[in-house]
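Here's the structure, in structure tokens; my notes come after.
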Amino acid sequence: MQVDDITLHDLSILGNNETIAIWQQLNFTHTDGGRQYLKKILQEPLNNIAAIQDVQNTIQQLLQIETDWPVTITNGTIMVLEKYFETPVDSFKPVPDPFSAWLYATLKKGDYSLIKYSVEHTISFLQGLQQITILLGNGNSKLLSTWMQTIQIQLSKPWAQKMLQFKKEKPLTKVEVLTYGHFIQHHFKSGIEELIEIYNKLDAYLSLAIAIKKFSFHFPDFKECNEPFIRAKALYHLQLNTPVPYTIALERNQNFLFLTGANMGGKSTFIKAVGVCIYLAHIGMAVPASKMELSLFDGLISNINLTDNITKGESYFFNEVHRIKKTIEKISDGRKWLVLIDELFKGTNQQDAVKCSISVIEGLRKMNNALFILSTHLYEIGHELKTHSNIQFKYFQTSIENDQLIFSYQLQDGISNDRLGYLIMRKEGVVDLLNKL
């Protein structure tokens, strides 16, 4: 699925200056490498259902054994192994006799201590991986099957097999320390590096499994379909502490959702919630919704948090127009797109904004290959669009009680008629301050 940097920023997938990134909220990794691979997963949405379903199977299989995950592998363990390959030590025999091993340990205490420490951590690492292969056993994840086969090949090497038999009750002899140390540094470096890379991947996908359990997410169901569609129940934004869930259905015959409501009423949150769910679904992740069915999307593009560009002398309105142009160019490829637009044409006067908005909506609604969610503060244009059967009209209702704004955050059918700007100014004391000037 195609996604550009603006969309990633709009949805806070990798972070922005205003909110904690989505990837950070899903981060339950134990290693630095796992954390980096998790970010990589979040940056690379998949483009076919088979790959998505395999990731779903991977996460589900890890979810089943999450509580039994070996504690012998830590970030410190990985760091020790990596440092061992980078640190030179004085040479010694590949398989020393007891006397030469004692002599090396006596005369080269610093080097011997490093070798012993590294060997002990290598043993913990290999034994942990062996435990993982036993836990995962036979599953239907191609990713896990490939990784488990690679782990088993590396663990089958004779010296690795001997290290796997080590028991803490019987300390390593000096001969064993140096023999294993030589094997690791001179004959097992590429094998260890491959195993670390696999563990980082396991750590990243395990993190997603832990997040699913913690937040009670559900896996979406992808359907093979030539036309885009979304059907979701109890969908919500995962960054809210007490979210209000939404029900949404977009398909060919009703592919355009026209959204209105007062500022702070929930429009932006709703748009981002849908975008985040679709994005997570396309990396193979479970989503914050009780149920979701959808088609595979070829692209996701948003227009939510645009700004002006002082250094280039570009106005906010210019950037809005440029983003709309880029959106039209992208989605004209005939493939399946989800387009998210929040508060269209805020950067110009109302008369221009009305004319521009109607022009854009009239054009976009004709595109059957895409789904659209568009919010606007220009309520009046909605009435001109009611003749189009493929446009859904939804709004967030705001009520006033004792001069206080009450936001329900409930998505309702229709077009908002709220005019609350002056009330907000009065409530915040701005009107009183102005009257005192």
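A few notes on this one:
- Taking a ≥ b ≥ c as the square roots of the eigenvalues of the Cα gyration tensor, the stretch 267-404 is classed as rounded, since a/c falls below 1.5.
- Cα long-axis angle, helix 174-187 against the chain (0 to 90 degrees, to the nearest 10): 50 degrees
- When only Cα pairs below 8 angstrom with a gap of at least 6 residues are kept, the stretch 31-215 shows a relative contact order of 42 percent.
- Flagged links, alpha-carbon separation over 21 Å, of Lys39/Lys213; Lys272/Lys394; Lys214/Lys291; Lys162/Lys201: Lys162/Lys201
- Net charge contributed by nearby residues that have their C-beta within less than 10 Å of Lys116 (K/R +1, D/E -1): -2
- Ratio Rg/Rh [Cα only; Rh per Kirkwood] for the chain: 1.13
- For Ala289, net neighbour charge (Lys/Arg +1, Asp/Glu -1) across residues whose Cβ lies under 15 Å away: +2
- For the chain, averaging the sequence separation of C-alpha pairs within contact (under 8 Å, six or more residues apart) and dividing by the residue count gives a relative contact order of 19 percent.
- Added length on full extension, which subtracts the Cα-Cα distance from 0.36 nm per residue, His186 to Lys386: 64.6 nm
- Exposure proxy for His377, His237, His322: other Cβ atoms within 10 Å of each Cβ, ordered fewest to most, give His322, His377, His237.
- Which of Ile406, Ile391 has the fewest Cβ neighbours within 10 Å, and the rest in rising order: Ile406, Ile391
- Theoretical gain in end-to-end length, Lys291 to Gln351 [0.36 nm per residue, Cα-Cα removed]: 17.5 nm
- Mean projected area of the Cα convex hull of the stretch 133-257, taken over all directions, amounts to 13.2 nm².
- Taking a sphere under 9 Å around the Cβ of Glu251 and counting the other residues whose Cβ falls inside, with K and R at +1 and D and E at -1, yields a net charge of +1.
- Ranking Pro158, Ser190, Trp147 by how far each Cα lies toward the positive end of the dipole of the stretch 147-194 (charges on Cβ) leaves Pro158 at the top.
- Folded to 0 to 90 degrees: helix 267-281 orientation relative to the chain principal axis, Cα: 40 degrees
No value in this document is a laboratory result; all are computed from the given coordinates. Worth saying up front: this structure is predicted, and the values here are computed from it rather than measured. Positions of Cβ are backbone-derived with ideal geometry, glycine not excepted, and every protein chain shown enters the neighbour counts.
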